[in-house]
Structures are given as structure tokens and as C-alpha cells.
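S.K.: Below is one structure. I have some questions about it.
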Amino acid sequence: VQLQASGGGLVQAGGSLRLSCAASGRAFSNNAMGWFRQAPGKEREFVATISWTSANSDYTDSVKGRFTISRDAAKNMVYLQMNSLKPEDTAVYYCAAARRATITSSSYDYRYWGQGTEVTVSS
């Protein structure tokens, strides 16, 4: 089982990036998916989660209105559209697959983790 995150890079403040997460080895159509991030010197934090049906999603307060999580179950893909990026969004972003179908912000609920993709937002 592998989760491969991609799409990170260097962007100016106010810009946009779209992160992608490709799952292989098994289907995650019945699992909630999530994005987490870890900034230098900080602990990993929750960013966004989406339910197995895409009917529900949730975000950490600092990204609400700027980030959008989505998924394509048929392609076994999860996305994170990030708009109006700020320097404080700079971090390594990780996608993860939960043990449950419903949304969750707790990292303990996630079983599979990707390797991370780096996002740097310059001011």
C-alpha cells in the first residue's frame, strides 16, 4: 500500500498550488482521506479531511475558505487545492488514509501515510 503525494513547490504569497495524492496497492474508496502538514520546527498538524462519499469535509480554521479537499474514487486520488497561499502555509504536506469512512482530524485515526510534498510560500 502506497500513498504518493505530489504537486508541491515554491510559490509567492497569494498564489495557488494543487496537491495530488495517488493511492496504490488497494482502493481507499471506503476510507476517509486527509491532508496534514508539518512546518520546520513544529509538530504535524491537521489540514483537511474528506469522507468516503465526499459528502463531508472539514478544515483547520487557518485554511478555511482558501483550501479545498476533493477526491476521485474511481482514480484512487485525493487533491488539495490551495489558494491565497500565505508564508505560514509553508510546510511538508502529507496525505493519509483513515481507518474509518467518516471525517476525522485526529492523526491517530489514519493508518496509511504518504511521503510528503514540500510547499514553500515566499512573502
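The values are calculated or read from the model by the stated rules, or taken from the named source; none is laboratory data. These figures come from a predicted structure and were not determined experimentally. Cβ: placed from backbone, ideal geometry, glycine included. Neighbour counts: every protein chain shown. Heavy atoms of the whole protein, side chains included, go into the accessibility calculation; ligands, DNA and RNA do not. Shrake-Rupley method; radii C 1.70, N 1.55, O 1.52, S 1.80 Å.
S.K.: Could you list, in sequence order, all residues of the stretch 14-25 that are touching a residue at least 60 places away in the same chain (Cβ under 8 Å), over 11 Å from the mean Cα position of the chain (by Cα) and surrounded by 14 or more Cβ atoms within 10 Å (Cβ to Cβ)?
M.R.: Gly15, Leu17, Ala23, listed by residue number.
S.K.: Output the number of residues of the stretch 84-106 satisfying the condition of being of a type in the set (Ser, Thr, Tyr) and out of contact with any Asp or Glu (no Cβ under 9 Å at 6 or more places or on another chain).
M.R.: 4
S.K.: Look at Phe28 and say whether it is closer than 20 Å to Ser107 by Cβ, in a strand (DSSP E or B), open to solvent by less than 20 Å² (accessible area, probe 1.4 Å) and in contact with a Phe, Trp or Tyr (Cβ under 9 Å, 6 or more places away or on another chain).
M.R.: So Phe28 does not fit the description; no.
S.K.: Looking at (1) farther than 14 Å from Val121 by Cβ; (2) modelled with pLDDT under 95, which one does Pro40 not meet, given that it meets all the others?
M.R.: (1)
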